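Here the structure is laid out as structure tokens; the discussion comes afterwards.
Nothing in this text is a laboratory measurement; each read-out follows from the coordinates by a stated rule. Just so you know, these numbers come straight off a predicted model, no measurement behind them. Methodologically, a virtual Cβ is constructed for each residue, glycine included, from the backbone with ideal geometry; neighbour enumeration extends over all protein chains shown.
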Ligand code: HAX
């Protein structure tokens, strides 16, 4: 059995040496250029950041430590966290050792519930989650060790400590928020010996006689764990952490980015859109009805949620994985059937609309295929989790794994404080024509 701590302690010196040698040998080489459009366009495609936990290939989707997602879809979240951090798949004993770490750390302090109870009852669940994480900052081992003068080479150790504590508590906090915010009754306690995904499913209190919901939660937590380094939540977490702010500050900040409608909130918006169209057409709409509805959405200047991506140029494998799960577990469910039908219609609609946009002198829609958010909501809905604003919290619990793995590795590699150069529009006017 290999613990996370021991495995990292072995790997880190090798990785440090590798990076030092790359920098020594090729530090001056140019790997990217920046155009004026990229500077105004969210730095899309600019290579200016290193992330080793995962990469997103435009034509393949998410690849975690060299493993295409659909090849590792059966791994449990504990395995995924180990893989993200160390690059290795854990054996059963190692997985169990992570579960025991979580068992030891899963108790959520009472003051967190006091803070959450003090918030207005209509607070968004993402705001509650972010606040709960932030208020635990006082417990950061990283901050305490830093204040005691810990040497730089050890920064990763208390960061990992903070990460494990935060991950152990997150399902309980997130489930507690669900039960508090939606008046579902008392909180349900963490069950020792049960895995992270099933524990979260159980603490939410969704009836699950066949265990299908727990299975979905493991898959969901696996699929949302990481998406390389440049997405809003990961990059925000990275930037905050680069100032040596601890894991509580960094993850809370990253999740505030995830809460945006163009990022993690899209999964709540997606299901809304699906239910709206079903309501309008009183059931599973025909393809013609869906086409009209999609165009109506676009003509109102809105986006079709769940479609498009900043990096991907193919169907998101996470969408494919959820679709397969739905086909196996709920093929007769009308909401799921609508999701399937949308997939037959919307890419063509977006393609046509994109052509119209180009004729009108606007940018094309770079990717007309579904992303992770296009299908996941229908699966949650099927099992009775019907409070849409909560969906991003599930995403957040999972994404914390990627953010914390990246943060720990950045501490280990001594990654520099983030500080790209900005220029003014005045500067652009003077310099772009000469470039
Ligand atoms: N519907 C309508 N228009 C769309 C669109 C969609 N689904 N996807 C992109 N476009 C539009 C953009 O709004 C943009 O229009 P403007 O130039 O008028 O602003 C134009 O097409 C070009 O955008 P792009 O280059 O294709 O895409 P971006 O990298 O700028 O944006 C987004 C990527 C994911 C934000 C975008 O595709 C979108 O808004 N999709 C719908 C919302 C969504 O599903 N978000 C979740 C993404 C996955 C994720 O991060 N989850 O957390």
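Quick notes on this structure:
- Computed on the Cα trace of region 373-412, the radius of gyration divided by the Kirkwood hydrodynamic radius gives Rg/Rh = 1.19.
- Among 287-296, 142-151, sorting by the average number of other beta carbon atoms lying within 10 angstrom of each residue, highest first, gives 287-296, 142-151.
- Using the empirical formula 2.2 N^0.38 Å as the baseline, the Cα radius of gyration of region 33-98 reaches a ratio of 1.48.
- Tail beyond 17 Å, pair distance distribution of region 1-69 (Cα, percent): 65 percent
- Extending 7 Å from Cα along the Cβ direction at residue 57 and again at residue 333 yields two label points whose distance is 3.1 nm.
- Using a Förster distance of 41 Å, the FRET efficiency for residue 104-residue 276 (Cβ separation, nearest 0.05): 0.35
- Our Cα-only numbers for the chain put the radius of gyration and Dmax at 22.2, 68 Å.
- The eigenvalues of the Cα gyration tensor, multiplied by 5 and square-rooted, give region 289-332 an equivalent ellipsoid with semi-axes of 24, 17, 7 Å from largest to smallest.
- Overall, the ratio between the Cα radius of gyration of region 109-191 and 2.2 N^0.38 Å, rounded to two decimals, is 1.27.
- Pairs of alpha carbons in region 137-184 whose separation is greater than 14 Å (percent): 58 percent
- Fully extending the segment from residue 88 to residue 2 would add 29.9 nm, taking 0.36 nm per residue of separation and subtracting the current Cα-Cα distance.
- Fewest-first ordering of 329, 227 by other beta carbons within 10 Å of each residue's beta carbon gives 329, 227.
- Between residue 351 and residue 422, the distance separating the two model label sites (each 7 Å from Cα on the Cα→Cβ line) works out to 4.0 nm.
- Region 168-276 gives an Rg/Rh value of 1.00, both radii derived from C-alpha positions and Rh following Kirkwood.
- Highest mean packing comes first when the peptides 246-255, 233-242, 308-317, 412-421 are listed by Cβ atoms within 10 Å, giving 246-255, 233-242, 308-317, 412-421.
- For region 282-435, the calculated P(r), taken from all Cα-Cα distances in 5 Å bins from zero up to the bin holding the longest distance, is 2, 8, 12, 14, 15, 13, 11, 10, 7, 5, 3, 1, 0 percent.
- Averaging Cα coordinates gives a centre for region 258-328 and one for region 338-376; these two points are 10 Å apart.
- Cα gyration tensor shape of region 1-134, rounded if a/c is under 1.5, else prolate or oblate by comparing a/b with b/c: oblate
- Rounded D (µm²/s) - region 300-386, Kirkwood Rh over Cα pairs, Stokes-Einstein at 20 °C, 1.002 mPa s: 156 µm²/s
- Residues 408, 338 arranged by fewest to most Cβ contacts within 10 Å: 338, 408
- With R₀ set to 45 Å, the beta-carbon distance separating residue 313 from residue 24 gives a calculated FRET efficiency near 0.80.
- Whether region 270-316 is rounded, prolate or oblate, judged on the alpha carbon gyration tensor where a/c under 1.5 counts as rounded: prolate
- The chain - mean residue ellipticity at 222 nm from DSSP helices (-39,500 (n - 2.57) per run, n ≥ 4, rounded to 500): -19000 deg cm²/dmol
- Arranged from fewest to most other beta-carbon atoms within 10 Å of their beta carbon, 17, 57 become 17, 57.
- Overall form of region 213-361 per C-alpha gyration tensor (a/c, 1.5; a/b vs b/c): oblate
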